[in-house]
Amino acid sequence: MLDVIVASGQPLYPELNVQRLESWMTPHVVWVRDLLSRGGMGSQYLARRDVRGFASDEQKVVKTATGVEVISSGAVTVDFDEQIPIGSLVTVWPGTPGQRDAQVVAVSRHHAPGWPAFQTISLS
């Protein structure tokens, strides 16, 4: 069954009982530049947008979409309905001395009926 939430925040499939994250669970703002295309002349990205989430810096091994293991240096937990393609650029801790840019290397989706649904965006 497909897990989808419409922009209004209301579940498209009410029987799934998908809930958005509470605002206190997303205290950080990250900047996202969605990957538009890749080619011989480099990658192209859309304009920067703000996304609320929970940012964390930790190193762990994750598998990419192609099955390659890479070291992820951080992650951002965002709402289930955020669209952040693999390869996009994310700026964590914007405006602070710890500000850095990272590329999205993997996206994990988490859903359990009756609980808030979310995605974990693993960063290079």
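Values in this text are rule-based calculations from the coordinates and carry no lab data. Being a predicted model, the structure only gives us computed values, none of them experimental. Positions of Cβ are generated from backbone atoms using ideal geometry, with glycine treated the same way; all protein chains shown enter the neighbour counts.
Can you compute 3J(HN,Hα) from phi for each residue in the stretch 25-41, using the Karplus curve 6.51 cos²θ - 1.76 cosθ + 1.60 with θ = phi - 60°, rounded to whole Hz and x for Gly and Pro?
Result, rounded to whole Hz: 7, 10, x, 9, 10, 10, 9, 10, 10, 5, 5, 9, 7, 10, x, x, 9.
Remind me, relative contact order of the stretch 64-124 in percent, using alpha carbon pairs under 8 angstrom and six or more residues apart?
41
Only four residue types carry charge here, +1 at the Cβ of Lys and Arg and -1 at the Cβ of Asp and Glu. Report the dipole size of the stretch 14-123 about the Cα centre in Debye, rounded to the nearest 20.
Roughly 260 debye, rounded to the nearest 20.
For the stretch 14-123, taking Cα atoms only, what is the radius of gyration to one decimal and the Dmax to the nearest whole Å?
Considering the stretch 14-123 through its Cα atoms, Rg and Dmax are 14.4, 46 Å.
Tell me, what is the percent relative contact order of the chain, built from C-alpha pairs under 8 Å that lie six or more residues apart?
26
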